[in-house]
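Report on one structure; see the data block that follows.
The values are calculated or read from the model by the stated rules, or taken from the named source; none is laboratory data. Everything quoted here is computed from the prediction, not taken from an experiment. All Cβ positions, even for glycine, are placed from backbone atoms using ideal geometry, and neighbour counts span all protein chains on display. Areas reflect the complete protein model, heavy atoms only, side chains present, ligands, DNA and RNA absent. Shrake-Rupley method; radii C 1.70, N 1.55, O 1.52, S 1.80 Å.
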Amino acid sequence: MSSPRARGRAAEVNWDLFRLFVSVAKIGSLNRAAREIGMSQPTLGRRLKELERYIGAPLFFRVSSGVKLTQEGEQLRQSAADMVRSFELFQRDLSSRVGDRSYSIKISATEGLTKHWLLPRVRKLRALDDQIRLEINSTVLQQNLAASDLDFVLRMGHPGDNELIGRRVATVAFGLFASEAYLAGHPAPRSVADLDKHEIIGSPVDFADLRSERAGQMVLLTRFKAAADARGALRVMPIANHFSAAAAGLGLAFLAVPFALAEGLVRVLPHESSSMDLWLLRRRESDLRKLTRQVRRCLEAEFAESRAWFLGQQGPRRRLQRIA
């Protein structure tokens, strides 16, 4: 149909020119095709001339009823029509795939945060869009957003990865808790000095990331760890099971105040507490999705209303800088 040089030039041409050519070839009239496409007739004519220059051959000649394909035009129509159909199928498939992901919101949060704060707000998130699909990964592990294709990470402690952006949305109070059954047989400690008289749930290994902190900044956790060393604490993993162990009457546990209260546990030494910052993190690119932006604003508003709940309305708090 044309020389190798012409075919090389055709490879550089704008794909849209082939789409316009197929439309005119199908309709058989430049004027009618322009109206259907929503383009002026002179503009459409110029675009087709551009394609002919790339091809290096005339594609149409005028007849009384409109336009008729030349031999080169007929050969191009057969090839271009197949390309257009393939591209339309590709567009529909891509739109479906991209659309599916655009309605999928993937969130990672700790077990306690998922159970006691996030799940009660699922209905509000679903109300944002009837097509939303929520995926919640409940884990204490630090997850990488890019590797896991996550939209949000709710993280307690230091925000970590430089790849993430976000904001501190709350401060979570931590304290010591036990069950009523345990306290019935073991008088509640009156001070942190009494902790070594009690059964301890958790091991210093569970708080390895906190070892570099100065003891004076976290008296409660320091004495709790010392009691664990002295008594040979019960270690049960993952840390979320510390709530269950405390509920089973197995000893004292160092727990997030709002979650432990929600589990019906009893707080001991209520005037001794520590705290961790809670961060809502995301990738910068995630804001390109409209629904993701809506979910972020919803979560931020819900965190703002929950700040007192996360603090547990307890006494003085000492901040922990690293994740336990």
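Data table
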read-out: Matching residues, segment 152-200, being farther than 30 Å from Leu125 by Cα and surrounded by fewer than 15 Cβ atoms within 10 Å (Cβ to Cβ); value: Glu180, Ala181, Ala184, Gly185, Pro187, Arg190, Ser191, Ala193, Lys197
read-out: Any hit, segment 79-102, residues being hydrophobic (A, V, I, L, M, F, W, C), modelled with pLDDT of 75 or more, open to solvent by 70 Å² or more (accessible area, probe 1.4 Å) and not in a helix (DSSP H, G or I); value: no
read-out: Any chance Ala262 is within 23 Å of Leu234 (Cβ to Cβ), surrounded by 20 or more Cβ atoms within 10 Å (Cβ to Cβ) and not β-branched (Val, Ile, Thr); value: no
read-out: Candidates Leu288, Leu280, filtered to the one that is open to solvent by 20 Å² or more (accessible area, probe 1.4 Å), among the aliphatic types (A, V, I, L, M), farther than 23 Å from Arg223 by Cβ and within 13 Å of the chain's Cα centre (by Cα); value: Leu288
read-out: Segment 230-259, residues that are in a helix (DSSP H, G or I), crowded, with 21+ Cβ neighbours inside 10 Å and not hydrophobic (A, V, I, L, M, F, W, C); value: His242, Pro258
read-out: Residues (polar (S, T, N, Q), closer than 30 Å to Leu252 by Cβ and assigned to a loop (DSSP other than H, G, I, E, B)) located in segment 148-190; value: Ser179
